[in-house]
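What follows is a set of notes on a single structure, which appears directly below.
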Amino acid sequence: MGMSLRPEQLPAHLERAGQSLEALYTVTGDEPLLVIEAGDLLRQASRTAGYTERDTVVADARSDWNTLLSASQSISLFGDRRLLELKIPTGKPGKTGGDVIARLAKQAPSQKGDCVTVVMLPKLDRTTKASAWFTALTTHGVVIDVPTIERPALPGWIGERLGRQKQRARPDVLQWLADRVEGNLLAAHQEILKLGLLYPEGDLTLDDVQDAVMNVARYDVFKLRDAMLAGDARRVVRMLEGLRAEGEALPLVLWAVGEEIRLLARLAQAGQQGQSVPALMRTLRFYGTHEQLANQALRRVPAQAWPAAVRHAHDVDKIIKGLRVPGRLSDPWHEVTRLALRVAA
């Protein structure tokens, strides 16, 4: 069953599929934010559908492709519902890898209900798209083709994202914001989330957006972030107490802490999978002092501890919204302090 989807069509597709996910999905593109989001959606849908086991294989033309074959064969051996992720950062699996991918793609439909395979690729050139292995992926599965958001389309993209949090802005406001984040959707994503935390639903003025993006006084939360990364636990506690006393918006504080933890979790996972952490840092815009402090935190905190920290951040968000979370404190300020100390202590 060949099917091609745009990223914005994926949520509706997964909702319709429910427990009956397709056996094979391919995500291809060079926009890190949109690729991350598509991958996150597929993982969440798989967990919801009962695919509790997860194997991840990172490969290129020089890899031992028997690893992937073993992962595939273990699915039928043990009978567990499993998510198999195959990441090919170069987009060049080589002849042996291409043969293995084509074979897996052809057998994927027969594994529907037992295994979901997700292949992650960069943006491919025309020759690679015409290859036998990629043709097999498109023929037997669903392809999510992530577009590159060029500058003319960026204001509209920002406007659509603001609409998801029920905010609106005039074209000139969207153009101003696009000028500040051009070429980096991750930066655009962070600014949009910040606007959602700082302002209510409805219309945003140019003054609102400029204040949020340029007012350094609002960036005390980033000093908190730096103290957390540096491992200065006492300063973290003092700053959180000060922010609370000054009436700082707790959702903004959680955003600064939680977003940093999510990015560090990605970096730690990349390191475990043999990917280039410095290269990913460039993509995620870690520079200068921020990069140095992030490396300190990655050396201090075990790689296996980051997923729990990400879940902790989600729990704090629920508490802020008035929900009770078993095992967590009822005061969200106390709980966000515990969250920050996971990294600082």
Along principal axes, Cα extents of region 101-196, largest first, whole Å: 50, 32, 17
Just to confirm, what accessible area per residue do you get for region 217-344 at 1.4 Å probe, in whole Å²? 50 Å²
Value of [θ]222 nm, deg cm²/dmol, for the chain, DSSP H segments ≥ 4, -39500 (n - 2.57) each, nearest 500: -18500 deg cm²/dmol
Rounded to the nearest 10 Å², the accessible area of ASP315 using a 1.4 Å probe with every protein chain kept is 30 Å²
Per residue, how much accessible area does region 151-214 have with a 1.4 Å probe, in Å²? 50 Å²
With a ≥ b ≥ c taken as the square roots of the eigenvalues of the C-alpha gyration tensor of region 3-145, please select rounded if a/c is under 1.5 and otherwise prolate if a/b is larger than b/c or oblate if it is not? oblate
Hey, got the dipole for region 3-145? About the Cα centre, +1 on K and R Cβ, -1 on D and E Cβ, debye to the nearest 20? 320 debye
Size of the dipole of the chain about the Cα centre, Lys and Arg at +1 and Asp and Glu at -1 on the beta carbon, nothing else charged, in debye to 20? 800 debye
Do you know the Lys pair count in the chain for C-alpha distances under 18 Å, with sequence separation 8 or more or different chains? 13
Take the Cα radius of gyration of region 151-214 and divide it by 2.2 N^0.38 Å, with N its residue count; two decimals is plenty. 0.95
Per DSSP, the loop-located trypsin sites (Lys or Arg not before Pro) within region 97-172 having at most 16 other beta carbons within 10 Å are LYS112, LYS123, LYS166
Compare the peptides 260-268, 145-153 by average per-residue count of other Cβ atoms within 10 angstrom and give them in order, highest first. 260-268, 145-153
Which three semi-axes in whole Å describe the equivalent ellipsoid of the chain, each the square root of 5 times a Cα gyration tensor eigenvalue, listed largest first? 37, 24, 20
Where region 3-145 is the region considered: accessible area per residue in Å², 1.4 Å probe: 47 Å²
Quick check: Cα centre of region 1-72 to Cα centre of region 155-214, how many Å? 30 Å
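The values are calculated or read from the model by the stated rules, or taken from the named source; none is laboratory data. This structure is a prediction, so every number in the text was calculated from the model and none was measured. Neighbour counts are summed over all protein chains in view; Cβ atoms, including those assigned to glycine, are modelled from backbone coordinates with ideal geometry. Protein only, heavy atoms only, side chains kept; ligands, DNA and RNA dropped before computing areas. Shrake-Rupley method; radii C 1.70, N 1.55, O 1.52, S 1.80 Å.
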